[in-house]
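Read the structure below first, then the notes.
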Amino acid sequence: MKKISLMVLMASLTIGLFGCEQNDDNNDAFTVVATTTYLGDLARQVGGDEVTVETLMDVGVDPHDYEPTQSDTRRIDDADLLMVNGFNLEEQMGNVLESMDDSNVFVAADSVSDDDYLFEDEETLDPHIWFDTDIWSDVTKDFAQALSTELPEYENVFESRADEYVKDLAMLDDYIKSRVNELDEQDRVLVTAHDAFAYFGEQYGFDVHAVQGISTASEASISDIENLAALLVEYDVSKVFWESSVPQGTVDSLVEAAQDLDHTVSVGGALYSDSTGDARHGHETYIRTYRANIDTIVDALSAS
């Protein structure tokens, strides 16, 4: 796997190695523990039946404020490989790392090249890397290599699955572009609850704004909401979006602030940001989640 600068590595590795549910049905299986649902899905796509995948966070859980339990830390020794996002996404888990060996950790952020980093400010890296399909393809290939190192007898199987999944991601990219092209350039303004969609905006040409910053650990201020409401008026934005893993209150406050400026804004729908969707809605995988997001965005903005 490609290495990154010391600063980025420290950000990646202060996120926590935190444990998992052991598979009671097959204790001899190679176990991958992933922090988020996006990572868990990727591990299943590449690992297949050759590995057992456990996801620490459930659907809809916000990784920015998730705190590991004592049982999480105790069960870490049962995992053969830990899969974390990095770039301080799992920011409340850093203390768990202090007494743990990181030799069996796959950090997805290590797959991001220097030219692709996005920042909130000079020191804060944007961790929402999964919304760039090219980056996610690189993560997929690097993860296949990591599994092959651990289970060399399945190297060809992992590489083959990764190759097929990268093709699926390319098809997803084509679909997203086709939907984006339905919008005029001036309509490609995305306003959400927190700043999770910068990689999406960079790849597909959207002007992205949010009530909260990259992290949801602290609440947006009144001035943040008022300033964004003024921007909605300036750009004549009529749709905003809330997120499944973030309370809707911040977006509701934004709508009210816009109304105070005599500007009508409505909620265009819910987007999946820091978690995939669920099986009940048919959005339980990364690809299905992303397709649902772009459909919600384009359908809402094109109807404005």
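Every number here is computed from the coordinates shown, using simple stated rules; none is lab data. Bear in mind the structure is a predicted one, so any value in this text is a computation, not a measurement.
Please enumerate, by chain and number, the aspartates and glutamates with C-alpha under 20 Å from the C-alpha of Lys167, excluding those fewer than 8 residues away in the same chain.
Counting by Cα, and skipping residues close in sequence, Lys167 has these aspartates and glutamates nearby: Asp41, Asp132, Asp134, Asp138, Asp142, Glu155, Glu159, Glu284.
How high is the relative contact order of region 84-207, given as a whole-number percent (alpha carbon pairs under 8 Å, six or more residues apart)? Walk me through the numbers on the way to the answer.
Values: 94 pairs, mean separation 28.9, N = 124.
Answer for region 84-207 is 23 percent.
Counting helices only, and only those DSSP H runs with n ≥ 4, report the 222 nm mean residue ellipticity of the chain as the sum of -39,500 (n - 2.57) divided by its residues, in deg cm²/dmol to the nearest 500. Walk me through the intermediate numbers first.
Numbers: 9 runs with 118 residues, N = 304.
For the chain, the value works out to -12500 deg cm²/dmol.
I need to check one value: relative contact order of the chain, counting alpha carbon pairs closer than 8 Å and at least 6 residues apart, in percent.
On the way: 546 pairs, mean separation 53.9, N = 304.
Averaging sequence separation for qualifying contacts and normalising by length gives 18 percent for the chain.
Counting pairs of alpha carbon atoms under 8 Å apart in space and at least six apart in sequence, what relative contact order in percent does region 183-302 give? Don't skip to the end; give the middle numbers.
On the way: 181 pairs, mean separation 28.8, N = 120.
Normalised by residue count, the contact order of region 183-302 is 24 percent.
Give me the percent of DSSP beta bridges within the chain that run antiparallel, rounded to the nearest 5.
Looking only at bridges with both residues in the chain, the antiparallel portion is about 5 percent.
Considering the values (1) 34, 56, 10, 0; (2) 40, 59, 1; (3) 32, 61, 7, which represents P(r) over Cα pairs in 20 Å bins from 0, in percent as calculated for the structure under consideration?
The calculated read-out lines up with (1).
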